[in-house]
Every structure is written in structure tokens, then in C-alpha cells.
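These notes concern the structure reproduced below.
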Amino acid sequence: MIPLLFTLALAAAPDTAQDPVLRAMTDELARTKSLKLPDSPAPYFASTTVVDVDQVVVAASLGALVDSTTNENRIVSPMVRVGDFQVDAIGFPMTFEPPLVAYEDDYDALRKVLWLLTDSAYKNAALGHRHRKNERQQTTADPDEADAFTPHTGTVALAAGATPSLDRARFEALAKQGSAVFREFEHIQSGTVEVLASTTLRRMVSSDGDAISGRAQLVRIQIRARAQAQDGEMLGHSAMLFGELDEFDDAEVIAAARKVAEELTALRSAPVIEDYAGPVLYEGEAAGRWLSDSLVPHLSAGLRWGPEFENRMGQLVLPRGVSIVDDPQRSEQGGQRLVGTMKIDDEGEEAQRVELVKDGKLVGLLASRTPSKKVKTSNGHARAGLPGMPPQAGITNLIVQSSKGLSDAALEKKLLELVRKRGAEFGLIVRATEGAHRPSVAVRVGKDGKKELVRVGFVQNVEPRTLREIVALGKTPVASHHLLVGGNPTGWHLPAEYAPFAAPASIVAPSILVGELEMHRGKGGNPKPPAYPKPPMPAKR
Amino acid sequence: MRSWSVLAILAAIACHPASSKPTTAPAKSQEIAAAPKVALERGAPAAQGEPAPMLVVMKEELARAKAALGKGDEPPPYFMSYRVTELDSVEIAASYGALELSTSDRARVLDVEVRVGDHQFDNHHWRHRAMPGWGVGSRTAGLSGHRIPVEDEPAALAIELWSATDATYRGAVAELAAAKTQQQLSAKAKDDSPDFSKEQAVRAIEPRVTLEIDRAAWEPKVRAWSAAFRKHPELQQTEVRLVAQATNRYFASTEGTELQGGRTHVRLMISATAKAEDGMDLAHAETIDVPVAGELPGDAEVIARIDALAKVLGQLREAPVAEPFSGPALLEGRAAAVYFHEVFGHRVEGHRQEDAHEGQTFADKVGTAVMPSFLHVYDDPTIARIDGTFLNGHYRHDDEGVPAMRTELVKDGEFVGFLMSRTPTKGFAQSNGHGRGQPGFGLVARQGNLVVAPEVGMPEKALTDKLRELVVEQGKPYGLRFVEISGGVTNTSRYMAQAFQVAPIIVFRVYPDGREELVRGVTLEGTPLSSLSKIVAASDRYGVFNGYCGAESGIVPVSAASPSLVLSQIEVARAPAAQDRPPLLPPPTVTETSTKGGGR
């Protein structure tokens, strides 16, 4: 039996004393060791996370404001572990959704909330622990079973400065200016720009002596438009931009909206490819987006996605020459900004550079304090999840390179070679994709090299074994930016409520040529054209 | 992020009561006075205003759609309407002296109605009938709300109207074709009422209402009020919440109806929860409803109410758990109003009589006695205040553009009519202005201001005596006095409605010697409707319930008013016991007695 480890680092005291929130968290956490149900042990670990969120959500349609709201929230999430480092159960408060708690810095109000939520978290952990114990009595032991949790020495790292404020009027102007662009396009039936801007201050204290706080900010701009194709199909097209608060100006949003409008207009008359099986070349940012679904989920240790990669440690998972590292310490790569940079992770561990793939072979995985069979210690990649979810390992800045990278021209040549080898008429280049499944801008390349914009279906096979279909990589790395929740890429559509829990990450990758992918479109008739014409749409004011 | 509970909606609509047997009216003893005096204040029509840009765009687009649709081989719409609901709101919530929430919001929601076919048989045919082979009619097929720009930018609004109309029209044409096919499979229904009533066109252009509330000025007040709960650390969750809203509605139909107007509502909610030693969860809430913030009570009164609420919860924690009981009961005014809203009001919504899935409690009851003959019940949305109290269910035109009418439901104990939307039912061909719904929902008949009006009423004191007499007469150990039937501590939505559950909160045992004892964990049981026939006496003072009611057309503001009532028999059961233990640790000690607030 491991002795209870409740040694709040003394070093934390002078800093936390200044902040009523940290003080309330620390004081109530200190009481956690007294939580005890008659037939269950007291917790061996407890942590409390408090996330302060300021959010502005603005939406505009064709130049007119549809929605503009601001929110100030505080999300409180205590976590309690009952058992020991080998076998334990994790408990979170039993609430249907995060409870509404006071966002103002009031010591007493926060302690009261923490008292009730931690009580509930402990009871759930104790219940889980009893179930675990019963379960283990009924089943034979797995000799390889990984431990539940790794020991850790407390980290004190408190963010300085103040949270930047959100300028709602500026975001309203961005949304209105951006969406007004769609008025100029005859065939566009709806065009919206939605801006989500948030600042967060995350604080975490643990019974290991951690006292950590960190600030983050995010602006996400979603541009969406709808039009009816000449054959009647309802087409949606979108773009997403994200970065820091002051990163976008009107001109950039207008340009992105115009690009969406132009691409959508072109798609209206683009031919349809119902079913496709054959080579696909992912160009530029699209390569990183494809990897975010096909590769990234498998790079974390633990059983969350099955032992697919873990069991292939030391084996070839990608073509020879490919190397992949995740480097949280870099903030720039080849002149391109990286957004996943961090010094310590969300469990207070130092964030380390991790070699994942070397010459095509899997040599490492990203890890949090939750060990797996092959990865026993954290390498500082824990990323906080939604309330009620323990932190999970995830990427920060993923850098993919190939020592055998081809030039763009050589990649295209290789694509056509594959086409000819199959006896097919054409291959596909994907220039933009919403996650790995939905290519949004695709071009077909005929045997004669002629290129034409086409409408394609959904990619069917996005699995780790598809990675073995990679035939070649390019030379020029392009950075794409992503949002992760609990270490998982969130794909294209992240609801505004989840945005405060999303961590940014970058993938730097060259173009990728995949030997065979399958794409299918849903069958069914198209709607008729509108029964009467769209009202006139004069240019804005 | 928050949403109202589906359970609450079920509680409001999913009851299946048995039939009721009326008893005779009480003998007029000397303590019975005349009919309770009541002052009804009706909402006066506001001055004619100018059509707002929103309404102008709606009329233009409606004309364009009417001229264009159904020119080819597709059926033309015989009716189209646009309803735009514009909601401005401010919501401030605080707990324990610190703000939890302070937001302002502005939203416009468009609802488009397109009917193809004719009044007798149209695309809505199966929406309120049990579909052969399906069992349940599909009212939510009408779900059609669109968020549209809040700015008066004519072109951006017009395109939203156009695109929603086109989609709704396409849906209506397909729905009519499907309805006709379905009709061939269906046995002849006992009610062949038309699908849509014919009504007079109305024009009422009132000035828009505006939300006049200064958030910065109200934040410190709400914060300070919520700090009053610091004196009561034994309570668990505590909250003070202020919700102020101005709702403007624009309506235009191809029949020529044009409406513009709005209402304001300010609600202060005080709520708290506690846990008894045996694990039972206790919740209590108090709401204060007024039309404008200026009518809210002052600091002293709000704090007194918080203290009273905390005191009741403290007493409830210590109170014994109710035993299953059958015997006489007194429902105080507000509790009686809630009771009527739930057990009677929902069952007289006209569309329920046609849907085979519904209880159809009153379908064949027209002209028969359902209550003692000294009781009248009506619903009158045109009343703005009753005895000076604001009524949340007041409106002058319903969401189908029909003028609200006083509707007699029970006269001399006999059931005489239903609340009607423009969906006719057997014997009731016209709407009486009760077609209502939340933006984005299909419309059905709903309550507005439900009023229980006895012919005779006695002073409250005499009513308690009456209860004790019945206890003795029936040889029971005690009777029950219901002070508060309530719920909805946790149910708030983006649209700030508070859903409602039938849950008695404050109930006393009344012993023959006049002694009273608070009990907890009471649930109403048995066949509530039959208890309506067991009403034996009423008081001479009205109590008012203001709330938001959830049913299939969403959440709508409602009121109910009733004098206190004595029932010769009511059945209660013990509430299901909660199993979870109270918190293992004592509450943290309050260290700072005052709050500065404001900071993060």
C-alpha cells in the first residue's frame, strides 16, 4: 500500500496567497484527504482544475449581424483517484453538464462549489474502486497490465500578466465585412461568417503539490456558403481560420470569404465523380489535415484507440526515409509559425521533444501520466480534456519529414505513373479537405496531365493501415493548425462550448501521395431549383 | 449551454387521467360569502404605430412568393404566413455574492407556414391525428425556426425569407402528396373536421417595445442579494437570477393579417437546494414576475424573501417524511392555480381531442358535469393584471394572428368548451385565439391565463376550519395544506423559460386541534382529475401562478389564477427516496462576510 501523498509544495504558498481562486482551490483540496466512506479508502490523489473563459460569439449573414453574444464562465472540474498507482478508479462530479458557478473571484463562493463537487467526485471514485476490486476478484490477472498512474513531483508555474480583453465590436465588423462578400455572387444562396473569440485562464492544483496556471487565447473564424449546383445538388463550402486575438484583419477574412465564394461558384459546374478508388495526392495544408485523422489519434500511448500502434513499436509503419517528431519546445519551423508550443503540459510535466518515427519505424509514442504497456512514464504531452475527462496525451507541434522527398513535379509524375499502372483514366489531387474524410477542393488529373476541378465523395478508408498506402512524400513542408480536445483532433466542427477546452497544435508536413483511397458519394435525387428567383441583392450600402 | 428538462415537458403533457365523477356543490352555509371579488385589468390596445422595416420586408417577400408559387404543375399555397420573433434579453445570475452569469442577447427567429391543399384537407392533415400504421401524429414536423439577422438590412432579411419559403413550400408539396396517400389507408375517422379554420384578417401595428434595463446597474444588486445566502451555509446550491426580456413579434399572412407589437417581462428567481440527513434532495424557488424592472421589490423585501426561503428549506431538512395519505386537503391559491393548470388546463387544449394518442379526457364530455356546480373555469389572455398582479399569460393576438378571446371552459360545473387554435375539432370550428408556440415550433392550442372562478367564496380562515371539520368527519388523523406546488429550480434555457413540474414543496399536516406540522417528500398520486370533482369550498382571494409552460409547441408564458380550494379527498404518496449520502465534510466556513465583487 502506498502511503497517502498529500504534500502540498510550500513553494506554492506565497504565490497562491495573492489569488483568491488558487487559495480556495488549495484550501479545499487540503480537505480532500479527509474524505472517507466507511468501506473505501480515502483518495490517494486529487486535483482541481478551474478554467475561466471569456468568449465572444458573433455571426453575420450576407453583411448583417445574426448573433452577437459574450459569455464569462468559470468551469470547475475536480478529479479524485481512489486506490493506488497500480490499480485505481478516477472520479468526477456526477453532473449532467458542467454546473454554473460564480465567475467572479470570490473565495467563499468558490470553496462552497468545490466542497460539493469534490464530495461527488470522491463518491464516484470510491464506487468505481469497489467495482474494480470486485471485477479483479472475478477475473484472472493480466501479467502485462499497465499501472494506473505514474508518480510525479509537484510543479509550481504560475502565469503572469493579465488576460487580454475581447473587442466584440471588432469581431462584429470582421463577420459583417467578411459575409458581405457573398452578396456579390449571383448563385450563392447563403453566406455566413462566424467568429468565436475566447481567452482562457486555466488553473490546476493537485495533491502532488502542483500549482499551475496558464493563459490561452483563440480566434476561430468559420466561413460557410451554400449554393445549388447546375445539376440541383445543394453544395456547402467552408473555410476555417484560427489563430490569436489580433491575428486577423478585415482584408484577410474578406479574401478567405472570396476564395470560398469563388471555389463554390466553380464547384457548381464541376463534374461529379460518384465513386473513386485510386491514387490521391494531398497537397499543402491538405496533407496535414489528412494526417490529423489518419495518423494523429494513434500516436498517443494508452488504450484509447486500441493497441494498434503500441503493438507495432520498432516496426515499419510508414515508408522508409520518413521521420516524425513532436516538438513542444519549437515555435517556428522553416519560417512557419507553430501554435502547439508549451513548456509544461497540463499535468505539470516538462514537455519533451519525442521521436515518434525514425526511417519509417515507430520508435516512440506520446504519453501523459497515464502509462501504457510500452510507455511507462510521461513525456509531458498531457492535454486537458473536457470537464469530467482526465488529461490525455496529444500532439503539440508534429513535424513530418522525408529524406527521400520528391519535388512537386516529381510527385505529380509519380501520381500519373500510378494511374497508368492501374489502367485508370485519371488520378486525384486534394487541395483542401475538412478533416481526412471530406475533401472540399479536389482536382482530377488526366493521363495527359490535364487538370479539372471535380466534386468527389467522402473518403472511406481513414485507418492506420491506410498509412501503409503512402507511396511518396514531397519536399516542401507546410504547417497546418488544428484544435485538440483531450489530445484528440476535433476535426472541422468544434462547438463553441468546447472551444475553451481545445488546445492548439500544428502539423508540419510535405505533400503526401497515397497509393489507394476510396471515395463514395451518397446516392439519391437532387432537389429542384428554387421555385422562384432569389431577391435582388444590392452591394452593401 | 443550459436547457430545460425534457421530463418537465413530459410532466406537463403526458398524464392519462381516468374519468371523473362530480359531487354536488357545497351547501351554502352562513360562512360562505358571495363570489370572490376580483379586479381584472385588461391590456389596452396600444396606439397604432409605424410598420417596422422587418414587417415591410415580410410583406414584400410574402407578396413576391404569393405571386410566384404554384404557377406550374405544382399546387399553389392557399395560405402562407411569416412570424418573426425578436427577443432582446438580459440575464444576470449570482451565487453567494459573486456573479455566475451576466449576458445580453438579441435574436430574431423566423417561422414560415405554407399550406397547400385546402382548408378541409391540407399538408398538415396528419400532424394532429394518429397516422394509421404509425400510432402517433407528428406535430414536430412543423419545426421550422430560422435564425435571421437582427439588423434591419432589407436584402439580407429578404434572402432568408425567400430561402425559408422555398424550402417550406417544397416540404409542404411533398407532405400533401404523402398525406393523400396516407388517407387511402385510413379508416374513416369519427371526426372529419377541416384541417384549418377560416378566420377574419386582423391589422394591428403597435409600436415596438424596447428592453430598458441597465446591466451595469443591476449586477451589483443581484450580487448583493445573492450574498444574503451566506448566512445559510447549510444550504447547497443557492442562486439569485434576474431575467429581463423584450419580445417583439411581427406577423404577416396571405389572408391580409398584419401584426406588430411586443411585451416586456422581468423575472426575479430566488432558488436554493438542500439535502436532508437521509439523503433526500430538497429544492425551493421563488419567482417574482413584473412587466418592467422598476416594479421589482426593494432590497429589504428581496432579502426578507431569501431569508424566508432559506428558513423553509432549513425546516424541510428537519421535517418528517410524508406518509402515504388519502383524505381532505386545502390547496392555497397559488398551489391551486398550478394544480388546475396541470391537471385540467392541458387536457382542454383542443388539438388533443383529435389525436388518438392523447387521453382525450374531455372529447365526449361537452355539456356534462365535470366539477361541482359552483365552479366556473375560463381562460382569458386579454387580462393583463388580476388584483394588481402581473399575468405572464397575457397577450392580445395569438401566434396564428387570431385575436385572443375569453374562452369559457367550465360553466356551473359543466364542461363547455376547448382552448382552440386554427386546428378545428369536432363541434369547434373556430379558433379562440389560443394557437401558441415557442419560435421554431409547430403551433397548437395552449393556455394563456387560466382562471378558476367559484360562485361563492369564504375567508381563508374559514377554509382552514372547513379542512379541520372534514378531518374530523372522515375520521382522519390530519388533513394536508399545500402552500407551494412548484419546481423548476434548475430548468432555465437560452430563451429563459422556466419549465414546470408538479411537485409539492411546502405541505403541512393540519391536525383537528389546529396544530400544523411541515412534512417533506410529498408526491401527488392517484387520478388527479377525479379530485376536481371533490372540490367542496373556495376562498374569497385569488392566488396567481406565473410561469413558463413546456409542451409540444415548446415553451410559452402562462398564468393561472385561483382562490384557495378545499378538496374532500386527495391522494399522496411518499417521494422516491434519494440514496446518496449528504456531503461527507462539513461546509467550508464563510471567512469573508462582505463581498466587493466585480473582479476576476
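The values are calculated or read from the model by the stated rules, or taken from the named source; none is laboratory data. In this text the structure is predicted, and so the values were computed from the model without any measurement. Backbone-built Cβ (ideal geometry, glycine too); neighbour counts: all protein chains shown.
Of the residues in the stretch A:84-116, how many are more than 9 Å from chain B (Cβ to nearest Cβ) and among the small types (Gly, Ala, Ser)?
The total comes to 2.
If I ask for residues that are farther than 30 Å from residue B:582 by Cα, without any contact (Cβ under 8 Å) to a residue 40 or more places away in the chain and of a type outside the set (S, T, N, Q), which ones from the stretch A:124-144 would you list?
A:141, A:142, A:143
Of these, B:195, B:289, B:299, B:278, which one is farther than 22 Å from residue A:111 by Cα, charged (D, E, K, R) and out of contact with any strand residue (DSSP E or B) (no Cβ under 9 Å at 6 or more places or on another chain)?
Numbers: B:195 fails: out of contact with any strand residue (DSSP E or B) (no Cβ under 9 Å at 6 or more places or on another chain); B:289 fails: out of contact with any strand residue (DSSP E or B) (no Cβ under 9 Å at 6 or more places or on another chain); B:278 fails: out of contact with any strand residue (DSSP E or B) (no Cβ under 9 Å at 6 or more places or on another chain).
Going through B:195, B:289, B:299, B:278 in turn, the sole match is B:299.
Yes/no matrix, rows are residues, columns are (1) buried (at least 23 other Cβ atoms within 10 Å of the Cβ); (2) of a type in the set (D, E, K, R); (3) over 15 Å from the mean Cα position of the chain (by Cα); (4) over 26 Å from residue B:282 (Cα atoms):
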position	(1), (2), (3), (4)
B:507	yes, no, yes, no
B:515	no, yes, yes, no
B:534	no, yes, yes, yes
B:545	yes, no, no, no
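For residue A:490, work out the one condition from (1) surrounded by fewer than 22 Cβ atoms within 10 Å (Cβ to Cβ); (2) modelled with pLDDT under 90; (3) away from chain B (no Cβ under 14 Å); (4) out of contact with any Leu (no Cβ under 7 Å at 6 or more places or on another chain) it doesn't fulfil.
In the conditions (1) surrounded by fewer than 22 Cβ atoms within 10 Å (Cβ to Cβ); (2) modelled with pLDDT under 90; (3) away from chain B (no Cβ under 14 Å); (4) out of contact with any Leu (no Cβ under 7 Å at 6 or more places or on another chain), residue A:490 misses (4) alone.
Please go through (1) closer than 21 Å to residue A:338 by Cα; (2) in contact with a strand residue (DSSP E or B) (Cβ under 6 Å, 6 or more places away or on another chain); (3) surrounded by 22 or more Cβ atoms within 10 Å (Cβ to Cβ) for residue A:401 and return the number of the only condition it doesn't satisfy.
Of (1) closer than 21 Å to residue A:338 by Cα; (2) in contact with a strand residue (DSSP E or B) (Cβ under 6 Å, 6 or more places away or on another chain); (3) surrounded by 22 or more Cβ atoms within 10 Å (Cβ to Cβ), only one is false for residue A:401: (3).
Show the residue pairs that are 6+ apart or on different chains and have beta-carbon atoms under 7 Å apart, the first residue being within the stretch A:513-537 and facing chain B (nearest Cβ under 9 Å), the second being surrounded by fewer than 16 Cβ atoms within 10 Å (Cβ to Cβ).
Final answer for the pair search is A:527/A:232; A:527/A:234; A:528/A:232.
Quick one: which residue in A:175, A:141 is in a loop (DSSP other than H, G, I, E, B) and either modelled with pLDDT under 95 or within 12 Å of chain B (Cβ to nearest Cβ) (or both)? Before you say what the answer is, go through the steps one by one.
Numbers: A:175 fails: in a loop (DSSP other than H, G, I, E, B).
Selected residue: A:141, the only one of A:175, A:141 that is in a loop (DSSP other than H, G, I, E, B) and either modelled with pLDDT under 95 or within 12 Å of chain B (Cβ to nearest Cβ) (or both).
Looking only at the stretch A:429-448, count how many residues are of a type outside the set (Val, Ile, Thr) and in contact with a Leu (Cβ under 7 Å, 6 or more places away or on another chain).
Kept after step one, since they are of a type outside the set (Val, Ile, Thr), are these residues of the stretch A:429-448: A:431-432, A:434-440, A:442, A:444, A:446-448.
The next check asks that each one be in contact with a Leu (Cβ under 7 Å, 6 or more places away or on another chain); those that pass are A:442, A:444, A:447.
Of the residues in that region, 3 qualify.
Across the stretch B:62-78, which residue is farthest from the other protein chains (Cβ to nearest Cβ) among those that are under 18 Å from residue A:528 (Cα atoms) and in a helix (DSSP H, G or I)? Steps first, answer last, please.
Let us first name the residues in the stretch B:62-78 that are under 18 Å from residue A:528 (Cα atoms), namely B:65, B:68-77.
After this cut, where a residue has to be in a helix (DSSP H, G or I) as well, the list is B:65, B:68.
Details: B:65: 7, B:68: 3 Å.
The residue in question is B:65.
Take the stretch A:96-107 and flag every residue that is within 13 Å of residue B:94 (Cβ to Cβ) and of a type outside the set (Phe, Trp, Tyr).
Result: A:100, A:101, A:102, A:104, A:106.
Filter the stretch B:145-180 for residues that are in contact with a Gly (Cβ under 7 Å, 6 or more places away or on another chain) and assigned to a helix (DSSP H, G or I); which is farthest from the other protein chains (Cβ to nearest Cβ)?
Looking only at the stretch B:145-180, we keep the residues that are in contact with a Gly (Cβ under 7 Å, 6 or more places away or on another chain), and these are B:145, B:153, B:156, B:176.
Checking the rest, the ones that are also assigned to a helix (DSSP H, G or I) come to B:156, B:176.
On the way: B:156: 4, B:176: 15 Å.
The selected residue is B:176.
Name the residues in the stretch A:405-435 that are assigned to a strand (DSSP E or B) and within 24 Å of residue A:296 (Cβ to Cβ), would you? Explain how you work it out, then say what you get.
First, the residues of the stretch A:405-435 that are assigned to a strand (DSSP E or B): A:406, A:426-434.
Result: A:406, A:428, A:429, A:430, A:431, A:432, A:433, A:434.
Looking at A:91, A:83, which is the one that is surrounded by 20 or more Cβ atoms within 10 Å (Cβ to Cβ) and at positive phi? First the steps, then the outcome.
On the way: A:91 fails: at positive phi.
Just one listed residue meets the conditions, A:83.
What strands (runs of 3 or more DSSP E) completely inside the stretch B:368-427 contain at least 1 residues that are charged (D, E, K, R) and touching a residue at least 40 places away in the same chain (Cβ under 8 Å)?
Working: elements: B:375-379, B:383-386, B:407-411.
Hits in the stretch B:368-427: B:375-379, B:383-386.
What number goes with the only condition from (1) more than 29 Å from the chain's Cα centre (by Cα); (2) within 30 Å of residue B:288 (Cβ to Cβ) that residue B:192 does not pass?
All conditions are met except number (2).
Picking from B:90, B:109, which residue would you name as being under 30 Å from residue B:224 (Cβ atoms), touching a Lys or Arg at 6+ places or on another chain (Cβ under 9 Å) and among the aliphatic types (A, V, I, L, M)? Give the derivation first.
Working: B:109 fails: under 30 Å from residue B:224 (Cβ atoms).
After ruling out the rest, the residue left standing is B:90.
Conditions (1) in contact (Cβ under 8 Å) with a residue 40 or more places away in the chain; (2) in a strand (DSSP E or B); (3) out of contact with any strand residue (DSSP E or B) (no Cβ under 7 Å at 6 or more places or on another chain), marked per residue:
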{"site": "B:216", "(1), (2), (3)": "no, no, yes"}
{"site": "B:222", "(1), (2), (3)": "yes, no, no"}
{"site": "B:233", "(1), (2), (3)": "yes, no, yes"}
{"site": "B:250", "(1), (2), (3)": "yes, yes, no"}
{"site": "B:263", "(1), (2), (3)": "yes, yes, no"}
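Write out, first by first residue and then by second, each pair whose Cβ atoms fall under 8 Å of each other, whose residues are 6+ apart or on separate chains, and whose first residue, in the stretch B:97-109, is facing another protein chain (nearest Cβ under 7 Å) and free of Cβ contacts under 8 Å to residues at least 24 places away in the same chain while the second is surrounded by fewer than 18 Cβ atoms within 10 Å (Cβ to Cβ) and part of a strand (DSSP E or B).
So the pair list comes out as B:103/A:69; B:103/A:70.
Please count how many residues of the stretch B:220-243 are out of contact with any Asp or Glu (no Cβ under 7 Å at 6 or more places or on another chain), away from chain A (no Cβ under 11 Å) and β-branched (Val, Ile, Thr).
Of the residues in the stretch B:220-243, 2 are out of contact with any Asp or Glu (no Cβ under 7 Å at 6 or more places or on another chain), away from chain A (no Cβ under 11 Å) and β-branched (Val, Ile, Thr).
Suppose the filter is buried (at least 21 other Cβ atoms within 10 Å of the Cβ), of a type outside the set (Phe, Trp, Tyr) and within 10 Å of another protein chain (Cβ to nearest Cβ); does residue A:68 pass it? Show your work before the answer.
Details: buried (at least 21 other Cβ atoms within 10 Å of the Cβ): yes; of a type outside the set (Phe, Trp, Tyr): yes; within 10 Å of another protein chain (Cβ to nearest Cβ): yes.
The answer is yes for residue A:68.
Search the stretch B:269-297 for residues that are of a type in the set (Lys, Arg) and pair each with any residue that is in a strand (DSSP E or B) when their beta-carbon atoms are under 7 Å apart and the residues are at least 6 apart or on different chains.
B:275/B:281; B:275/B:282
Among the residues of the stretch B:430-441, are any more than 16 Å from residue B:537 (Cα to Cα), surrounded by fewer than 18 Cβ atoms within 10 Å (Cβ to Cβ) and of a type outside the set (Asp, Glu)? Can you show your working first?
Restricting attention to the stretch B:430-441, the residues satisfying the condition of being more than 16 Å from residue B:537 (Cα to Cα) are B:430-441.
With surrounded by fewer than 18 Cβ atoms within 10 Å (Cβ to Cβ) added as a condition, the list becomes B:430.
Still in the running and of a type outside the set (Asp, Glu): B:430.
Among the residues of the stretch B:430-441, at least one is more than 16 Å from residue B:537 (Cα to Cα), surrounded by fewer than 18 Cβ atoms within 10 Å (Cβ to Cβ) and of a type outside the set (Asp, Glu), which makes the answer yes.
Does the stretch A:370-384 hold any residues that are surrounded by fewer than 23 Cβ atoms within 10 Å (Cβ to Cβ) and either in a strand (DSSP E or B) or not β-branched (Val, Ile, Thr) (or both), and which are they?
Passing the criteria: A:371, A:372, A:373, A:374, A:376, A:379.
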